[in-house]
Amino acid sequence: ITMFCSNSKPIPKVKFHYYPATARGHQCRLAMAAAGIEFEDVFSDEFPLTEGDKARYFEMHGNTTFNLPILQLDAGTDDEKLYIQSSAILQKINRMGDMKTTIENDPDGDQGAYIIEKAIADADDLRNKYYAGNINFGNSQEDAKKYVFENFPKYVKNFESQLEKSGGPFWGGSSTLSLADVTIYDAVCFYGVYALVCGEGVVDPCGPTLKEWIARVESSPRIKAYLEGEQYKNLPMKSDNLVVRKMFFGL
Ligand SMILES: N[C@@H](CCC(=O)N[C@@H](CS)C(=O)NCC(=O)O)C(=O)O
């Protein structure tokens, strides 16, 4: 059976290749959930990757600086397509699904497009700081402390200030949830609030504006359904976990 989108394009069969973890894959999965795109998780065998997995991914995309995540459409058919780089995967998801920004006085969608591009870059700035503080990736305990007690609060403050300036209810003053919300929500919560504040000694730096927005994102029906569903529950390595917090930041 071929399924069709509302614009009568056939809906591709979607496979998402990543570790059985949240990490850089989580925002892509959340975006697919929020955009109404069904997808199948295909997990790597191990973390770090086995030589077999590395060879398999290289065979797929030929990229040598990193392997995952990979978005694969219509695997094994003449229409098969691959996408790598999480930011490019996010934009592809956005073109396939039905999320959108709804901004006043934005007839050609230019402002909405900018809000999304900026949010993706802002969120990745925070994620890159997280990896630069991660002791499991060879950084020092000093680097870890710098992320937890300096950089994470500093970036959260910036997000809070932007949200206050633009107004809500959603990111950039949009009245509908967009990809901008998904990517910033993942970074703030899964690279910080849930990843660090889950144990002792780390204070949640979010103020009331950001907290209300987090609650708004989490109560949007598709995000809520994904986070409460089996597909997410069955992911073994989630960053909001004391074992992961200890392993990554020594806390
Ligand atoms: N900028 C890339 C970074 C991707 C990346 O760092 N991937 C890591 C996992 S999060 C990876 O594949 N590591 C294993 C490897 O490269 O062999 C993106 O956002 O997709």
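The values are calculated or read from the model by the stated rules, or taken from the named source; none is laboratory data. From a predicted model like this one, the values you see are computed outputs, not experimental measurements. When we count neighbours, we look across all protein chains shown, and the Cβ atoms used for this are built from the backbone with ideal geometry, even at glycine. For the accessible areas, the whole protein counts, side chains as well, though only heavy atoms, and no ligand, DNA or RNA atoms are used. Shrake-Rupley method; radii C 1.70, N 1.55, O 1.52, S 1.80 Å.
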What number goes with the only condition from (1) over 19 Å from residue 133 (Cα atoms); (2) surrounded by fewer than 18 Cβ atoms within 10 Å (Cβ to Cβ); (3) of a type outside the set (S, T, N, Q) that residue 242 does not pass?
(1)
Tell me, which helices (runs of 4 or more DSSP H) lie completely within the stretch 121-230 with 3 or more residues that are over 19 Å from residue 26 (Cα atoms) and open to solvent by 20 Å² or more (accessible area, probe 1.4 Å)?
141-145, 152-166, 208-218
With (1) surrounded by 16 or more Cβ atoms within 10 Å (Cβ to Cβ); (2) over 23 Å from residue 185 (Cβ atoms) as the list, and residue 48 as the residue in question, which single condition is left unmet?
(1)
So residue 47 clears everything in (1) part of a loop (DSSP other than H, G, I, E, B); (2) modelled with pLDDT of 95 or more except one condition, right? Which one?
(2)
Of (1) under 23 Å from residue 226 (Cα atoms); (2) open to solvent by 40 Å² or more (accessible area, probe 1.4 Å); (3) in contact (Cβ under 8 Å) with a residue 12 or more places away in the chain, residue 34 satisfies every one except (2)
Could you please find all residues in the stretch 9-31 being aromatic (Phe, Trp, Tyr) and either open to solvent by less than 20 Å² (accessible area, probe 1.4 Å) or away from the ligand (no atom under 12 Å from the Cβ) (or both)?
16, 18
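Are any residues in the stretch 59-95 part of a helix (DSSP H, G or I) and either within 13 Å of the ligand (Cβ to nearest atom) or buried (at least 18 other Cβ atoms within 10 Å of the Cβ) (or both), and if so, which ones?
The answer is 60, 61, 86, 87, 88, 89, 90, 91, 92, 93, 94.
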